[in-house]
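Worksheet: one structure, shown below.
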Amino acid sequence: MSKFVRSLRTVLEDMGRRIEATGAATSSLKDSLDALREQMDAQAGNVHARFTNVDLAVKEVERGVQSLRDKQELLEAQAMLAKLSTKPDADAAAAAGHKQPETPQVGPQQAAWAAAGRRLGRGGPPAGRMGSSGPQGGPGGPAIQQVSLDKVVSDIVAMGFSHGQVMAVVRQLQGSGQALEMNVIIDRLMAGGR
C-alpha cells in the first residue's frame with residue numbers, strides 16, 4: 001500500500017509540473033493572440049476566420065488544462081484515501097497483536113477430572129458402591145442396582161467419555177468382581193481402560 005502511495009505521489013508531482021507548463025504556454029499564447037488581435041483589427045476575410053480558429057484552439061487547450069486539474073484533484077483524493085486505509089490497517093494489526101489468547105477447550109479427560117472433583121468436593125452422596133450382584137446392603141434388589149448403575153454411566157458419559165468406553169470398563173470391573181464406583185470407573189477410563 002505504501003509503494004502505491006509513493007507511485008501515486010510521483011504521478012501527481014509530474015502531472016502538476018505538466019499542468020504548470022501548459023498553463024504558462026496557454027497564457028503566452030493568449031497574450032500573443034491579444035497582440036495579434038490589435039494588429040489585425042483592420043484586416044477582414046480569411047484572416048478573421050483564421051483568428052477564430054486559433055481562438056477556438058486556445059479554448060480547447062484551456063479545457064484540456066481544466067481536465068488535467070480535475071484529474072490531479074481526483075488522484076490527490078485517491079492518495080488521501082490510500083493513506084487513510086493504510087492507517088486503519090496498521091491500527092487493526094496493532095490491535096490484533098494485543099488480543100488476549102483464546103482459552104483452550106477442555107478435553108474429555110480434563111472435564112472428567114473437573115466434574116469428579118466437583119462431586120467429591122461438594123461432599124455429596126457418592127455413586128452407589130455396587131458389586132456385580134447388586135448394591136452393598138441396599139434394599140430394593142436388582143431394579144435399584146440397575147437404576148444406580150445407569151445413573152453412574154450417564155454421569156460419566158456427560159463428562160465427555162463415550163457410552164461404549166464406560167460400559168467396557170464397567171464389564172471389566174464386573175468380571176473381576178471389583179466395586180462399581182464412579183471414581184474407580186473414571187480412573188480406569190483415564191488409564192485408557194486398563
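Just a few scattered comments:
- Criterion applied to L75, L68 was being of a type in the set (A, V, I, L, M, F, W, C) and touching a residue at least 60 places away in the same chain (Cβ under 8 Å), and the one residue passing it is L75.
- Failed item in (1) assigned to a helix (DSSP H, G or I); (2) in contact with a Gly (Cβ under 7 Å, 6 or more places away or on another chain); (3) modelled with pLDDT under 90, with V169 passing the rest: (3)
- Enumeration of residues in segment 1-15 that are in a helix (DSSP H, G or I) and either within 34 Å of the chain's Cα centre (by Cα) or surrounded by 15 or more Cβ atoms within 10 Å (Cβ to Cβ) (or both): S2, K3, F4, V5, R6, S7, L8, R9, T10, V11, L12, M15
- Selected residue (criterion: most open to solvent (accessible area, probe 1.4 Å)) from residues of segment 166-190 that are within 44 Å of the chain's Cα centre (by Cα) and over 17 Å from K151 (Cβ atoms): D187
The values are calculated or read from the model by the stated rules, or taken from the named source; none is laboratory data. Predicted model, so just to flag it, every value in this text is computed and none were measured. Using ideal geometry, Cβ is built from the backbone for each residue, glycine included, and neighbour counts are taken over all protein chains shown. Ligands, DNA and RNA are excluded from the accessible area calculation, which covers all protein heavy atoms including side chains. Shrake-Rupley method; radii C 1.70, N 1.55, O 1.52, S 1.80 Å.
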